[in-house]
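*Asks:* First the structure, then my questions, so here it is.
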Amino acid sequence: MQTDAPPKLLSIEFHTRFFPAFLWRRFRSKEQRGSGFHSPFELYIVLAVCIVLVALGAPSALSQGSIGGWIACGLGAAGLIAMIIHSVASSWGRRPSYEDFLAGCFFFFVTLGLTAGIFTSSLNHYPFYLSLLICIAGLVIGYIIGILAGLGLQYLGWLAVIFNGLAFLAIIGMVVLDLVLLSGAIFT
């Protein structure tokens, strides 16, 4: 994949030639691409254990004042902070690149912009042409933020891979929400 010298982000060539062709090649490619972030599988297990400790310890600590809950919550929170620091530190010295572009985060923000436009339009019962303009504005804003997020979130290191996967799952939820909102606007 030839992505060594992309045009400037604010150029027409970037948005008309480079980026659409880049996304097309990225999804059509049969070869297995690495994410660029390599970490031992144990780190994901430790991260999951820390999240479980916080999730199980916080309710009992806050509602009943349980010392065991506070200890579990504190250990889990300290572990989460350590994992975040480790992940960010693992990406020090690396510049974001299009080879490691987080497509899930990009499409998350594009879908979020569209969902915000549809939600705003259906909430205020705007006429069709105004609703369409609001949705287009949401798409454009989501597109711009998505490109920046697809590159910028690479600074998170190996945690970026988790965020990228979660972003794809969130897209499914937003599409379902969009369909519900649109069906309500059509049938009312």
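*Asks:* Considering T111, T16, T3, which residue is of a type outside the set (A, V, I, L, M) and at pLDDT 90 or above?
*Replies:* T111
*Asks:* Taking the criterion of being surrounded by 15 or more Cβ atoms within 10 Å (Cβ to Cβ), over 18 Å from Y155 (Cα atoms) and modelled with pLDDT of 90 or more, would at least one residue in region 81-89 satisfy it?
*Replies:* Taking every residue of region 81-89 in turn, none turns out to be surrounded by 15 or more Cβ atoms within 10 Å (Cβ to Cβ), over 18 Å from Y155 (Cα atoms) and modelled with pLDDT of 90 or more.
*Asks:* Still on this structure, I have one more. Kindly indicate whether I144 is without any contact (Cβ under 8 Å) to a residue 60 or more places away in the chain, surrounded by 14 or more Cβ atoms within 10 Å (Cβ to Cβ) and assigned by TED's automatic domain parsing to the domain that holds F119. Outline the logic, then answer.
*Replies:* Details: without any contact (Cβ under 8 Å) to a residue 60 or more places away in the chain: yes; surrounded by 14 or more Cβ atoms within 10 Å (Cβ to Cβ): yes; assigned by TED's automatic domain parsing to the domain that holds F119: yes.
Yes.
*Asks:* Here is a follow-up. Residues of region 147-188 being outside any helix (DSSP H, G or I) and surrounded by 16 or more Cβ atoms within 10 Å (Cβ to Cβ), which ones?
*Replies:* Within region 147-188, G157, W158 meet the criteria.
*Asks:* List the residue pairs whose Cβ atoms are under 9 Å apart, where the first residue sits in region 69-85 and is closer than 17 Å to P59 by Cα, the second is assigned to a helix (DSSP H, G or I) and of a type in the set (K, R), and the two are 6 or more positions apart or on different chains.
*Replies:* That search, which allows pairs on different chains as well, returns nothing.
*Asks:* Scan region 19-37 for residues that are assigned to a loop (DSSP other than H, G, I, E, B), over 28 Å from V88 (Cβ atoms) and either modelled with pLDDT of 85 or more or not polar (S, T, N, Q) (or both) and report the count. Walk me through it before giving the result.
*Replies:* The initial filter retains those residues of region 19-37 that are assigned to a loop (DSSP other than H, G, I, E, B), namely 29-37.
If we keep only those that are over 28 Å from V88 (Cβ atoms) too, we end up with 29-31.
With the extra rule that they be either modelled with pLDDT of 85 or more or not polar (S, T, N, Q) (or both), the set shrinks to 30-31.
Total satisfying the criteria: 2.
*Asks:* Something else now. Cβ-Cβ distance below 7 Å, separation of 6 or more or different chains: which pairs start in region 110-126 with a residue that is surrounded by fewer than 21 Cβ atoms within 10 Å (Cβ to Cβ) and end on one that is in a helix (DSSP H, G or I) and β-branched (V, I, T)?
*Replies:* Here the result reads T120/I134; Y126/I134, each pair linking region 110-126 to a residue that is in a helix (DSSP H, G or I) and β-branched (V, I, T).
*Asks:* Hey, could you check region 38-48 for residues that are modelled with pLDDT of 60 or more and in a loop (DSSP other than H, G, I, E, B) and say which is surrounded by the most Cβ atoms within 10 Å (Cβ to Cβ)?
*Replies:* Within region 38-48, the subset modelled with pLDDT of 60 or more is 39-48.
Those left that are additionally in a loop (DSSP other than H, G, I, E, B): 39-40.
Working: S39: 16, P40: 9.
Only one residue fits best here, namely S39.
The values are calculated or read from the model by the stated rules, or taken from the named source; none is laboratory data. None of the values given here were measured: they were computed from a predicted structure. Because the Cβ atoms are built from the backbone with ideal geometry, glycine has one as well, and the counts that use them run over all protein chains shown.
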